[in-house]
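A quick write-up on the structure given underneath.
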Amino acid sequence: MAHQHPPRFLKIVNDAKQRVRETSVDAVKARLDRGEKFVLVDVREDREFDSDHLPGAVHMGRGIIERDIEASIRSAHRTRALLRRRLPFRLAADNLQKMGYNNVISMDGGIRDWREKGYPLEKKP
(Lines give C-alpha, C1' and ligand atoms only; values in the text may rest on other atoms or scores of the structure.)
Protein backbone atom coordinates (compact mmCIF):
# COMPACT_ATOMS: atom_id res chain seq x y z
CA MET A 1 0.00 0.00 0.00
CA ALA A 2 1.38 3.40 -0.98
CA HIS A 3 2.07 5.94 1.73
CA GLN A 4 -0.53 8.72 1.83
CA HIS A 5 1.00 12.13 2.51
CA PRO A 6 -1.01 14.82 4.29
CA PRO A 7 -2.67 17.36 1.96
CA ARG A 8 -0.75 20.37 3.35
CA PHE A 9 2.56 18.62 2.76
CA LEU A 10 1.54 17.73 -0.79
CA LYS A 11 0.60 21.37 -1.35
CA ILE A 12 4.13 22.60 -0.61
CA VAL A 13 5.65 19.75 -2.66
CA ASN A 14 3.46 20.63 -5.65
CA ASP A 15 4.36 24.29 -5.24
CA ALA A 16 8.07 23.39 -5.33
CA LYS A 17 7.54 21.19 -8.39
CA GLN A 18 6.63 24.29 -10.39
CA ARG A 19 10.16 25.66 -9.85
CA VAL A 20 12.37 22.56 -9.84
CA ARG A 21 13.74 21.12 -13.07
CA GLU A 22 13.62 17.36 -13.37
CA THR A 23 15.50 14.79 -15.40
CA SER A 24 15.02 11.07 -15.92
CA VAL A 25 16.93 8.14 -14.47
CA ASP A 26 18.08 7.27 -18.01
CA ALA A 27 19.43 10.79 -18.54
CA VAL A 28 21.41 10.63 -15.29
CA LYS A 29 22.84 7.23 -16.25
CA ALA A 30 23.86 8.65 -19.66
CA ARG A 31 25.58 11.61 -17.97
CA LEU A 32 27.51 9.26 -15.69
CA ASP A 33 28.47 7.07 -18.66
CA ARG A 34 29.76 10.13 -20.56
CA GLY A 35 31.80 11.21 -17.54
CA GLU A 36 30.02 14.56 -17.23
CA LYS A 37 31.06 16.69 -14.28
CA PHE A 38 28.28 17.17 -11.77
CA VAL A 39 27.63 16.52 -8.11
CA LEU A 40 25.09 13.82 -7.41
CA VAL A 41 23.61 14.51 -3.99
CA ASP A 42 21.63 11.81 -2.21
CA VAL A 43 19.40 13.35 0.46
CA ARG A 44 17.87 10.16 1.84
CA GLU A 45 18.25 9.07 5.45
CA ASP A 46 21.65 7.74 6.57
CA ARG A 47 20.53 4.11 6.72
CA GLU A 48 19.02 4.32 3.22
CA PHE A 49 22.21 5.77 1.76
CA ASP A 50 24.34 3.18 3.56
CA SER A 51 22.20 0.40 2.09
CA ASP A 52 22.81 1.50 -1.51
CA HIS A 53 23.27 4.61 -3.60
CA LEU A 54 24.17 5.74 -7.09
CA PRO A 55 27.86 5.57 -8.04
CA GLY A 56 29.78 8.60 -6.83
CA ALA A 57 26.87 10.05 -4.88
CA VAL A 58 27.57 12.48 -2.04
CA HIS A 59 25.37 12.03 1.01
CA MET A 60 23.77 15.08 2.60
CA GLY A 61 20.59 14.33 4.47
CA ARG A 62 17.49 16.38 3.91
CA GLY A 63 17.73 17.96 7.35
CA ILE A 64 21.25 19.35 6.84
CA ILE A 65 21.81 19.96 3.12
CA GLU A 66 20.86 23.63 3.28
CA ARG A 67 23.25 24.16 6.19
CA ASP A 68 26.20 22.12 4.90
CA ILE A 69 26.19 22.42 1.09
CA GLU A 70 28.68 25.28 0.87
CA ALA A 71 31.21 23.68 3.20
CA SER A 72 30.87 20.28 1.54
CA ILE A 73 30.98 21.16 -2.16
CA ARG A 74 33.55 23.65 -3.40
CA SER A 75 32.21 26.22 -5.84
CA ALA A 76 28.76 24.93 -5.03
CA HIS A 77 27.00 27.91 -6.61
CA ARG A 78 28.71 27.19 -9.95
CA THR A 79 28.51 23.39 -9.79
CA ARG A 80 25.74 21.42 -11.45
CA ALA A 81 24.00 19.61 -8.63
CA LEU A 82 21.59 16.79 -9.19
CA LEU A 83 19.43 15.58 -6.33
CA ARG A 84 17.85 12.19 -6.10
CA ARG A 85 14.14 12.63 -5.96
CA ARG A 86 11.30 11.62 -3.77
CA LEU A 87 8.82 14.15 -2.50
CA PRO A 88 10.99 15.72 0.24
CA PHE A 89 13.98 15.91 -2.11
CA ARG A 90 12.10 18.18 -4.43
CA LEU A 91 11.77 20.48 -1.42
CA ALA A 92 15.55 20.34 -0.88
CA ALA A 93 16.11 21.24 -4.54
CA ASP A 94 13.69 24.14 -4.22
CA ASN A 95 15.45 25.39 -1.07
CA LEU A 96 18.87 25.24 -2.79
CA GLN A 97 17.49 27.34 -5.63
CA LYS A 98 16.16 29.86 -3.09
CA MET A 99 19.71 29.98 -1.68
CA GLY A 100 21.07 30.99 -5.09
CA TYR A 101 21.99 27.63 -6.62
CA ASN A 102 20.65 27.94 -10.13
CA ASN A 103 21.82 24.65 -11.62
CA VAL A 104 19.87 22.16 -9.49
CA ILE A 105 18.05 19.26 -11.12
CA SER A 106 15.89 16.62 -9.45
CA MET A 107 15.99 13.00 -10.67
CA ASP A 108 12.47 11.83 -11.37
CA GLY A 109 11.89 8.20 -10.42
CA GLY A 110 14.60 8.07 -7.76
CA ILE A 111 16.48 5.01 -6.68
CA ARG A 112 13.44 2.79 -7.15
CA ASP A 113 13.49 3.36 -10.93
CA TRP A 114 17.31 3.13 -10.94
CA ARG A 115 17.11 -0.31 -9.29
CA GLU A 116 14.32 -1.51 -11.60
CA LYS A 117 16.50 -0.72 -14.61
CA GLY A 118 19.36 -2.74 -13.13
CA TYR A 119 21.76 0.20 -13.12
CA PRO A 120 24.85 -0.07 -10.88
CA LEU A 121 24.68 0.79 -7.20
CA GLU A 122 27.29 1.21 -4.51
CA LYS A 123 27.13 0.46 -0.79
CA LYS A 124 28.85 2.37 1.98
CA PRO A 125 31.96 0.42 3.00
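The values are calculated or read from the model by the stated rules, or taken from the named source; none is laboratory data. What you see is a predicted model; the values in this text were computed from it and never measured. Cβ placement follows ideal geometry from the backbone for every residue including glycine, while neighbour counts extend to all protein chains displayed. Please note that ligands, DNA and RNA were not included when accessible areas were found on the heavy atoms of the full protein model with its side chains. Shrake-Rupley method; radii C 1.70, N 1.55, O 1.52, S 1.80 Å.
Is there any pair with a first residue in segment 1-27 that is among the polar types (S, T, N, Q) and a second that is open to solvent by 50 Å² or more (accessible area, probe 1.4 Å) and modelled with pLDDT of 85 or more whose Cβ atoms are under 7 Å apart and which are 6 or more apart or on different chains, and what are they?
Thr23/Asp108; Ser24/Asp108
Would you please name the residue that is nearest to Thr23 (Cα to Cα), looking only at residues in segment 88-124 that are part of a loop (DSSP other than H, G, I, E, B), open to solvent by 60 Å² or more (accessible area, probe 1.4 Å) and touching a Lys or Arg at 6+ places or on another chain (Cβ under 8 Å)?
This residue is Lys117.
Look through Leu40, Leu32 and report the one residue that is surrounded by 13 or more Cβ atoms within 10 Å (Cβ to Cβ), under 15 Å from the mean Cα position of the chain (by Cα) and not in a strand (DSSP E or B).
Leu32
Give me a count of the residues in segment 43-73 that are in a loop (DSSP other than H, G, I, E, B), in contact (Cβ under 8 Å) with a residue 24 or more places away in the chain, of a type in the set (D, E, K, R) and out of contact with any Pro (no Cβ under 8 Å at 6 or more places or on another chain).
Residues in segment 43-73 being in a loop (DSSP other than H, G, I, E, B), in contact (Cβ under 8 Å) with a residue 24 or more places away in the chain, of a type in the set (D, E, K, R) and out of contact with any Pro (no Cβ under 8 Å at 6 or more places or on another chain): 2 in total.
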